[in-house]
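Some notes on the structure that comes next.
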């Protein structure tokens, strides 16, 4: 067990695949300008991440767009999933862009010149 009483990576990862819904971001320190990590990160990154884990738990955001999953089993479960199991939360393309792939149209015009 960890010093905080939790099993280090031996707990089973979640097994249900649920669709991602918009919601609050993972816990973490207040955002900094330009998406920078916490101040102490540059001095000692590992100590900084360990401090944040003790403070916020096994899953936390530590900079803009960066989320840390601290349990090895959970990290494996998160990274081993395939595209069939996940979906990108990208907004749909505007109708005028759905008609024809952007790159294909540009390449065809370039080849015709």
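The values are calculated or read from the model by the stated rules, or taken from the named source; none is laboratory data. Given the structure is predicted, the values throughout are model-derived calculations rather than measurements. In this analysis, Cβ positions are derived from the backbone assuming ideal geometry, glycine residues included, and neighbour counts consider all displayed protein chains.
See the values below:
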| read-out | value |
| --- | --- |
| Cβ pairs under 6 Å, 6+ apart, first in segment 72-91 and at negative phi and assigned to a helix (DSSP H, G or I), second surrounded by 10 or more Cβ atoms within 10 Å (Cβ to Cβ) and at pLDDT 80 or above | 75/69; 78/69 |
| Single unsatisfied condition, residue 27 versus (1) assigned to a loop (DSSP other than H, G, I, E, B); (2) out of contact with any helix residue (DSSP H, G or I) (no Cβ under 8 Å at 6 or more places or on another chain) | (2) |
| Number of positions in segment 52-68 that are surrounded by fewer than 17 Cβ atoms within 10 Å (Cβ to Cβ) and modelled with pLDDT under 90 | 4 |
| Qualifying position, being assigned to a loop (DSSP other than H, G, I, E, B) and either surrounded by 12 or more Cβ atoms within 10 Å (Cβ to Cβ) or at pLDDT below 75 (or both), among 6, 43, 106 | 6 |
